[in-house]
1. Return the lysines within reach of LYS65: Cα separation strictly under 24 angstrom, same-chain partners fewer than 8 residues apart disregarded; answer none if there are no such residues.
2. Who wins for biggest fluctuation among GLU13, GLU128, GLU61 in a Gaussian network model of the chain, springs between alpha carbons below 10 Å?
3. Which lysines have a Cα lying under 17 Å from the Cα of LYS154, excluding residues fewer than 8 positions away in the same chain?
4. Choose one answer from ALA177, ALA120, ALA17: the residue with the largest mean-square fluctuation in a GNM of the chain with alpha-carbon springs under 10 Å.
5. What number, rounded to the nearest 500 deg cm²/dmol, is the helix-based mean residue ellipticity at 222 nm of the chain, given -39500 (n - 2.57) per DSSP H run of at least four residues and division by all its residues?
6. Once you have a ≥ b ≥ c as the square roots of the Cα gyration tensor eigenvalues for the stretch 73-173, tell me rounded if a/c is under 1.5, and otherwise prolate or oblate according to whether a/b is larger than b/c.
7. Over the alpha carbons of the chain, what is the largest minus smallest coordinate on each principal axis, giving the biggest first in Å?
8. For VAL34, list long-range residues whose amide hydrogen, built 1.01 Å from N in the peptide plane, is under 5 Å from its own amide hydrogen.
Amino acid sequence: LGVPFYARQPEAEFAAAVVERAPPGRALWGLDQVFLGAAAPLLQTVAAEARASAARTLAAELAAKAAADPYFLPRVGPAELPRLRTLLHPRDDRAPLERVDAMLESGAIYDAFTGGKRDAYPANLQREALMKRAFRAERAAARARGSEPRVFFKFGGSHLARGLSTTLVPSLGNDVAVEAEARGERTVHV
């Protein structure tokens, strides 16, 4: 399973070069929703990490369903994942809970674009808000480690636009530009 938008040789080489040249720590930050095709491997990871045997069993069953249905996240996930979530322990299963919550939120976003009943505008607004939260969390974690890295974003132009995105929601790129300007820094958007 490839990383979305890094499926070509030059993109893969670019990602490898970033990791190779970056200082120790997390060189790549994933900010977007869960990739539609990632439900099966994520659920396999939950099955391996969950503390309770019932959670491991259900996660493995759901991983098999997800492997058979590329639209698992918006179609099956909303009904099935909450049951898995109740089997995970808030203190001992933090990573699996984060994965399940990310899949639930992503499934809700995808619903608007995969034949569901949700409108696109709220889904696009939720997606941008998710990316903004993820960026702030990654940057705060980097600061806590004692580093303030320079950041390079690789997104489509819609997410990096200044002002409203092409979907008419306040973009991640706009938030980054406004925050940088407030700190006396600059951004370049290509």
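Rule-based calculations on the coordinates, nothing more; no lab input. This structure is a prediction, so every number in the text was calculated from the model and none was measured. Note that we place each Cβ from the backbone using ideal geometry, even for glycine, and neighbour counts take in every protein chain shown.
1. Excluding near neighbours in sequence, the set is LYS117.
2. Maximum fluctuation in the GNM of the chain, among the listed residues, is at GLU13.
3. Once the sequence-local lysines are set aside, what remains near LYS154 is LYS132.
4. Looking only at ALA177, ALA120, ALA17, the biggest GNM fluctuation is shown by ALA17.
5. -18500 deg cm²/dmol
6. oblate
7. 52, 39, 35
8. HN-HN under 5 Å from VAL34: SER106.
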